[in-house]
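The values are calculated or read from the model by the stated rules, or taken from the named source; none is laboratory data. Values in this document were obtained by computation on a predicted structure and should not be read as measured data. Note: ideal-geometry Cβ built from the backbone for every residue, glycine included; neighbour counts use all protein chains shown. Note: accessible area is taken over every heavy atom of the protein model, side chains too, but ligands, DNA and RNA are not part of it. Shrake-Rupley method; radii C 1.70, N 1.55, O 1.52, S 1.80 Å.
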Amino acid sequence: MLVEAILIAVVTYLAKFFSLSFANLQMRPIILGPIVGLVLGDFQQGIIIGAALEAVFLGIFGVGGSLPSDTEMGAIIGTSFAILMSKDVGAAVALAVPVGLISVFIYQLIKIVWHNAVVSIVDKSIENGNNRRFEQIHIFAVIVFGIPYAIISFIAILVGVEPINNLMNNLPQVVNDFLTIASRLLPALGFGLLLKSLWDKEIIAFYFLGFGLAAYLGLDTMGIALFGTVVAVVYAMNYFNKQKLEQKLRLAGESSSLQTNESAKNNNTVDDFFN
């Protein structure tokens, strides 16, 4: 179990490293699941669990400093435990959701400690024009940020797999049935959260279009995705062309206004000369 714990710790560190650097490239469960499966020797199960967890966390994403759930830690720990314990998707979901919520508290603790320790130093560096010191602190933060999470993953895999496995094996059947039902309901909740954030009068028609393609034309997911991609490209091109046209009209209006003001100014100058 030591080797597996080290590998998962490395995956955790890299996920957190990329989430803070390189323009905040967030590693979603659909990406982390296969990576965890690959390092643990079960790539296929990693793909299945990653896709299921992506559906669960589909409508969850950070906005500014608000982080509803740590989807990265939830995906890594949930997928790791499910594969190491030879469990199904239901077990992965049952572990990933609470882990994601608990990890948010860890994130807040890290922010509190980090802000109290270095924010004043960063402010002073900016005030003094010491850009090199500011860059050094930023690089240090990017490098160190993932270490606490990597340690947590290492300890969780090294110590927690066997107790959690014994616990889940000894659960009553009614609890296992509940976890199975929850694992099937939570993806619907994820889609609902995503739909709520996308519910807009200008694009809601596309939702019903996709529903119609599936219900009446019998298209599968790939067919609807290809059709949606074409529609998205056309919609985006029209939107950008509209933006360019509005910008040209605005510039033309500003130019006309300047010319009118200049003409009025010249007329006032002539009138003042003759008066």
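Things to note:
- Net charge in the neighbourhood of Val118 (other residues with Cβ under 12 Å of its Cβ; Lys, Arg +1, Asp, Glu -1) is +2.
- Inter-label distance, nm, simple model (7 Å from Cα along the C-beta direction), Ala215/Val159: 5.2
- Cα gyration tensor shape for the range 1-157, rounded if a/c is under 1.5, else prolate or oblate: prolate
- Cβ-derived FRET efficiency at R0 41 Å, Ile204 paired with Ile139, nearest 0.05: 0.40
- Rounded accessible area of Ile31 (nearest 10 Å², 1.4 Å probe): 80
- Radius 15 Å from Cβ of Ile76, net charge of other residues (Lys, Arg +1; Asp, Glu -1): -3
- FRET efficiency, Leu249 to Leu226 (Cβ-Cβ, R0 35 Å, nearest 0.05): 0.50
- Sequence-distant contacts, meaning Cα pairs under 8 Å at least 6 residues apart, place the relative contact order of the range 1-139 at 18 percent.
- Overall form of the range 110-187 per C-alpha gyration tensor (a/c, 1.5; a/b vs b/c): prolate
- Pairwise FRET efficiency - Leu25 versus Val113, Cβ, R0 = 25 Å, nearest 0.05: 0.55
- For the range 195-220 versus the range 23-52, the inter-centroid distance based on Cα atoms is 28 Å.
- Ligands, DNA and RNA excluded, the heavy atoms of Trp199 present near 150 Å² of accessible surface to a 1.4 Å solvent probe.
- Greater than 32 Å apart at Cα, pairs in Lys111/Lys196; Lys111/Lys244; Lys196/Lys242; Lys16/Lys242: Lys111/Lys244; Lys16/Lys242
- When the residues Lys201, Lys248, Lys16, Lys196 are ordered by accessible surface, computed with a 1.4 Å probe over the protein chains alone, the sequence from largest down reads Lys201, Lys196, Lys248, Lys16.
- Cα-based shape type of the range 101-254, given that a ≥ b ≥ c are square roots of the gyration tensor eigenvalues and the cut on a/c is 1.5: oblate
- Local electrostatic count, Ser103, Cβ distance below 13 Å [Lys/Arg +1, Asp/Glu -1]: 0
- Taking all protein chains together and a 1.4 Å probe, the residues Met73, Met222 rank Met222, Met73 from largest to smallest accessible area.
- Surface accessible to a 1.4 Å probe, Tyr235 within the full protein complex, Å²: 90
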